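Taking it in order: structure first as structure tokens, then the write-up.
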Amino acid sequence: MVLALVVLALPHGVRAQDASTLMRAQRNANNPNDPFNTNANGSYGSNPYANQDGTGDPNAQDGQTQPQDSTKKERPKRPLESYYFNDSIRALPNFQWNVERDFNDVKVMPIDTTLANWRLDYPFHHKGVGDMSIGSLGQASQPINYFDRPEEFDFTFARPYYVYNYTTENVPFYNVKKPYMNMTYRESGQKRYREEDFGLTLAQNISPTTGFSVDYRSRGTKGKYDWSRVKNHNLALAASHTGKRYSVHAAYINNNIEQRENGGVVGMWAITDTIFEMPSGVPMKLATAEAKNRYRNNSFFVKQAIAIPLQRVTERDFSIADLSAVYIGHTFEYNSWSKVYTDKYATYTNERGERLENGEFKQITDVYYKHWYINPTQTRDSICERRITNRLYIQAQPWNRNGVVGTIDGGVGLDLHTYSQFAMGDYAAGKYGRDKRTSWFVYGGVNGKIRKYVDWGADAKFYPSGYRGGDLSIGANIAFRAFVKGHALILSGNFRQESLTPSYWQQRLFSNHYIWNNNFGKENQTRFEVRFEVPDFGIELAAWQGIFLDRIYYDAESMPKQFDGNLSVTSFYARKDFTIKGLHLNHRVLVQLTSDEVVAPVPLVTAFLSYYYEFWVKRDVLRMQIGLDGRFNTSYYAPGYNPALATFYNQREWKMGNYPYIDAFITAKWKRMRIFLKYQHLNKGLFGNDEYFTVAGYPLNPGMFKIGISWAFYD
């Protein structure tokens with residue numbers, strides 16, 4: 001009954017997938033004393049400001065009642081008076097949300113303190129079948145599902161680190177009844193090769209509607225393989241006020257990445273046909289070139305809105321979400337990215353570079369980069385991108401925020417872009433060349449709800465002039481809900497049609513190893529998505545169809561090219577979680593088809609399977625999971641990775657796949673502490689074809705033992 005009420009009461013701005021996530025997190029919680037769980041009677045807690053005597057007076061001593069002024073009208077306690085959150089969300093002891101970039105809405109989600117995904121220490125394994133990765137925690141990755149790959153217009157060189165970076169869209173805001181702190185630490189391997197993950201979250205509410213938070217993550221590895229060390233630091237400072245008539249969200253973001261680059265193995269044989277005593281002995285292409293990428297990102301945004309009710313607001317109105325109203329708001333964003341790539345001229349030796357007719361191998365000495373345009377001995381390529389955005393928007397709430405026509409949105413904005421890089425003439429002058437661009441845009445949307453059964457929406461964004469003049473994005477979505485014996489069945493669909501200007505860096509680049517000056521036309525794409533979910537039974541089916549015209553990709557030489565024609569990509573995804581008492585058999589399978597493997601190479605089948613047994617060691621005190629995770633994809637021309645460009649490209653030299661990668665784990669939750677033990681790559685050297693690559697030339701970690709804890713405090 002509680003699960004059905006959560007779905008029925010979700011506010012506008014919380015999509016179907018957010019509902020299922022919220023329900024699953026609440027269903028999987030293991031400790032009834034944990035503030036994130038429901039109480040024994042099925043409710044979500046009482047007035048957090050009430051004393052034991054029930055008076056609700058914070059100044060009263062336990063067992064005592066302060067005298068009341070009979071001349072004053074007693075006003076009921078209202079812990080959170082925001083139009084963003086409905087009664088079910090407000091009743092939760094703690095929750096978090098992200099803000100929508102363009103519209104006056106938020107996306108609500110639970111604070112994850114359960115065992116559900118605790119075993120997945122790499123964040124890109126939390127969604128679908130995960131990512132292809134160049135190796136360890138904190139390093140570059142790209143979703144295997146073609147339709148999950150990020151295509152945001154901002155700094156494209158940071159896309160490989162999308163899963164780690166904080167952005168305007170994923171900065172978390174919190175509402176907590178008590179001060180909340182969570183500390184996480186995981187490590188693995190010997191000190192020399194250690195992989196580390198440290199996280200700290202601090203959240204506190206000054207009042208029921210006003211709070212602030214600090215989120216910090218430090219992830220990286222010293223490197224199992226030669227010259228593969230990475231440090232990935234991410235910080236988000238956030239503050240919010242979600243009042244009855246006025247709301248403001250503000251955040252400062254800092255992302256700092258230092259990645260040593262080894263260029264991958266000199267040949268597949270170094271992993272598949274040879275056994276080295278230590279992974280650090282595997283020969284790499286850039287191991288002596290001292291190659292390194294360093295990223296810096298500073299970002300700040302503030303978003304605010306004021307409500308103007310069109311009906312009289314009384315003291316009985318807990319929120320104006322049920323009244324006609326107009327919201328006027330403004331958003332300011334500042335986002336600055338820089339990247340510096342350095343290396344030195346060095347050669348590498350491939351002992352099996354060429355196979356002769358007699359079956360023997362010929363040794364080949366080569367250099368990773370073919371061109372050294374600026375300096376023949378060393379490289380220091382520095383590029384910067386800055387964007388300043390102002391948006392002014394209005395949102396009309398004609399009748400009810402959850403009505404058939406809940407909200408009508410409209411806005412206008414201005415983007416100021418600055419791109420900086422050294423060109424040939426700039427080296428002599430010692431100055432950056434700066435290219436400034438301006439774009440105007442207008443956008444709008446409409447959303448509604450038909451009782452508890454249907455959510456629908458549509459949006460459009462158009463750039464009438466400026467740098468991105470003519471860009472257009474149109475989208476629509478709908479979700480149908482039905483309930484069978486209290487279990488939700490959700491069928492949703494999404495459509496999007498876009499015409500987009502290519503990235504600035506796909507058009508122009510001047511560096512020591514790569515120079516291009518392209519005149520690409522706009523990319524056009526049409527995407528359809530259909531999804532069916534039964535959250536209570538672990539069922540999820542999804543299908544995507546994409547038609548891309550004039551698609552831009554990076555070819556086998558790492559050069560950007562525009563495909564002259566139509567590209568079609570189709571994906572089918574299925575998830576089914578079986579539970580037999582304490583035995584969990586979880587399956588995720590993705591099937592992908594492409595009309596052109598050169599432009600969009602994808603594996604035919606990818607699977608992520610998780611089999612584990614979950615049980616109480618001591619009822620309501622200690623709960624444990626013991627099991628295996630396995631990942632697999634069929635053989636195909638997996639993308640390569642170019643260090644100088646920080647870009648995945650479509651290599652045509654090596655096919656790889658058909659290798660099962662298995663992890664064994666034990667996780668536990670003891671009251672508010674989660675414990676983590678894992679042996680990664682359990683089957684190393686036992687079975688498989690030793691092609692444990694998901695990116696061409698970059699082997700995944702060999703066997704490694706990991707340990708970690710996460711501890712939540714609520715006072």
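Worth a mention:
- Violating pairs (Cα-Cα greater than 29 angstrom) within the set K339/K370; K127/K244; K244/K449; K581/K669: K127/K244
- For the stretch 552-709, with +1 on Lys and Arg beta carbons and -1 on Asp and Glu, the positive-most of F572, Y661, Q562 along the dipole: Y661
- Between the amide H of Q378 and those of Y345, distances stay under 5 Å, these residues lying 5 or more places away or on another chain, with hydrogens modeled in the peptide plane.
- Whole-number percent relative contact order across the stretch 198-327, with pairs defined as alpha carbons under 8 Å at least 6 apart: 21
- Extending 7 Å from the Cα toward the beta-carbon at both V340 and L604 defines two label points whose distance is 4.8 nm.
- When only Cα pairs below 8 angstrom with a gap of at least 6 residues are kept, the stretch 466-584 shows a relative contact order of 19 percent.
- Label-point separation in nm, R192 to W711, each point 7 Å along Cα→Cβ: 3.2
- Annotation: peptides 354-361, 557-564, 516-523, 658-665, ranked by per-residue average of other Cβ atoms within 10 Å with the highest first, follow the order 658-665, 557-564, 516-523, 354-361.
- Stretch gain in nm, segment D435-I388, where the contour uses 0.36 nm per residue and the Cα spacing is subtracted: 15.5 nm
- The mean sequence distance of close C-alpha pairs (under 8 Å, at least 6 residues apart), as a share of the length of the chain, puts its relative contact order at 11 percent.
- Greater than 27 Å apart at Cα, pairs in K191/K231; K561/K655; K178/K231; K231/K522; K231/K362: K178/K231; K231/K522; K231/K362
- Cα centroid separation - the stretch 199-213 against the stretch 276-331, whole Å: 16
- Between R149 and V484, the FRET efficiency from the beta-carbon distance, with R0 = 25 Å, is close to 0.10.
- Net charge dipole size for the stretch 166-316 [Lys, Arg +1 and Asp, Glu -1 on Cβ; Debye, nearest 20]: 640
- Computed packing ranks the peptides 694-701, 217-224 as 694-701, 217-224, most packed first, by mean other Cβ atoms within 10 Å.
- Lys, Arg +1 and Asp, Glu -1 on Cβ, resulting dipole of the stretch 378-468 about Cα centre, debye, nearest 20: 200
- Cα long-axis angle, helix 16-28 against the chain (0 to 90 degrees, to the nearest 10): 80
- Lys, Arg +1 and Asp, Glu -1 on Cβ, resulting dipole of the chain about Cα centre, debye, nearest 20: 1280
- 5 angstrom amide H check on S324, placed H, neighbours 5+ away: L310, Q311
- Mean Cβ neighbour count within 10 Å, used as a protection proxy, ranking 90-98, 681-689 highest first: 90-98, 681-689
- All aspartates and glutamates inside 16 Å of K485 as judged from Cα atoms, apart from same-chain residues fewer than 8 positions distant: E533, D536
- Which of N98, N586, Q651, positive extreme of dipole for the chain (C-beta unit charges): N98
Every number in this text was worked out from the coordinates using simple rules, so none of it is lab data. Everything numeric here is computed off the predicted structure, so don't read it as measured data. Note that each Cβ is placed from the backbone with ideal geometry, even for glycine, and that neighbours are counted across all protein chains shown.
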